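First up is the structure itself, then whatever we jot down about it.
The values are calculated or read from the model by the stated rules, or taken from the named source; none is laboratory data. Since the structure is predicted, the reported quantities are computational estimates derived from the model, not experimental observations. Methodologically, a virtual Cβ is constructed for each residue, glycine included, from the backbone with ideal geometry; neighbour enumeration extends over all protein chains shown.
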Amino acid sequence: MADTASKPVQRAVALGGVALILAAWWWVARGQPEYVLPGPGAVLAATARFLYDPGLMADAGISLLRVAASVLIGMVLALGLASLVRACPAAEEIVERRVLTFLNAFPSVGWAILGVIWFQISTPTVMFVQVAIVLPFCLINALAGFRQIDPEMDELGHSLTRGRWRRFRLLTLPLVAPFVVTGLRVAYGICWKIALVSELFGASSGIGYQLVRAQTVADATMVFACCVVIVLIYAVTDWLFLRPLVQRFSANQARG
C-alpha cells in the first residue's frame, strides 16, 4: 500500500523536475540567438515537423529500421557464438577472452571510419557500424544465458529428441530468453546512442543525415529536434515492446 501511495508523489516530483528544467532552459535561451541556443518552443515546433513532413518522417523511419535490424542481427550473431562456446568449451578462450575483449575495446569512431572505407556511403556502412558496436553487449547476455542452463534440463532435452534445432528451439531458447530480451533492450538503447554517429559518417538518409544538414546551416533548433525525436522513439518502443517482453520473461523465469 505504501508503494502504491508513493507513486503519485514520485510522478509529481518527476514532472516538477522536468518543468523546472524547461523553465531554466527558456530563461537561459531567451537571451541567446536561436542558432546558439533555441528555446523549448522552437524545438517543440521543429520536433512536431517529424509528424507531418514526409521527408522527415521517412528519415526517422529509416533510422528506426536500421537500429532494429542491427540489434536483431547482433543478437543472432551473439547466440551463434554463445552456442559455439556451449557446444565446444575449447572455443571459450577464443570467443570470450579474445573476440569479446577486442569488440569491447575497439573504438566506435574506428568502426565508423572503417565502414566508410569498406562500404562507402551506404546503408551497409551504417548497419556494419551499429552491429559491430552492439554485438559485445548482446554476446555478454547470451553467454550468461547459456551458462545458467541446468545440466539436468540439457540431459532431458537429449533424451526427448536428437534433433539439435528442435532442442534449441523448444528447450534452449526459452531458457535463455530472459537474458536475450534483456540484452536486446540494452543493445537497442546503445544502438540509438551511436545511430547518429554511424549515419553522420556513412549515410545519405536517416536522422543522422538531417543532423548533418542542420550543422551545415547552423540550425541548432533542428539539432535539438533530432535528438528529441530519438529520445521519443526510444521511449515509445521501449514502453510498448521491450519493457513488456522483459517483464514477461522475468516473470516466467521466477515461476520456473
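Structure data summary
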{"item": "Filter result for ALA225 (of a type in the set (A, V, I, L, M), more than 15 Å from the chain's Cα centre (by Cα), under 26 Å from ALA82 (Cβ atoms) and in a helix (DSSP H, G or I))", "result": "no"}
{"item": "In the stretch 1-53, the residues that are within 29 Å of the chain's Cα centre (by Cα) and among the acidic types (Asp, Glu)", "result": "ASP53"}
{"item": "Residues located in the stretch 45-67, provided they are surrounded by 15 or more Cβ atoms within 10 Å (Cβ to Cβ) and of a type in the set (A, V, I, L, M)", "result": "ALA46, LEU56, ALA60, ILE62, LEU64, VAL67"}
{"item": "Residue, modelled with the highest pLDDT, within the stretch 181-210, restricted to residues that are among the hydroxyl-bearing types (Ser, Thr, Tyr) and not in a helix (DSSP H, G or I)", "result": "SER205"}
{"item": "So ARG98, is it surrounded by 22 or more Cβ atoms within 10 Å (Cβ to Cβ), assigned to a helix (DSSP H, G or I) and among the charged types (D, E, K, R)", "result": "no"}
{"item": "Answer residue from the stretch 211-222, given it is assigned to a helix (DSSP H, G or I), of a type in the set (Val, Ile, Thr) and without any contact (Cβ under 8 Å) to a residue 40 or more places away in the chain and is farthest from LEU56 (Cα to Cα) among those", "result": "THR216"}
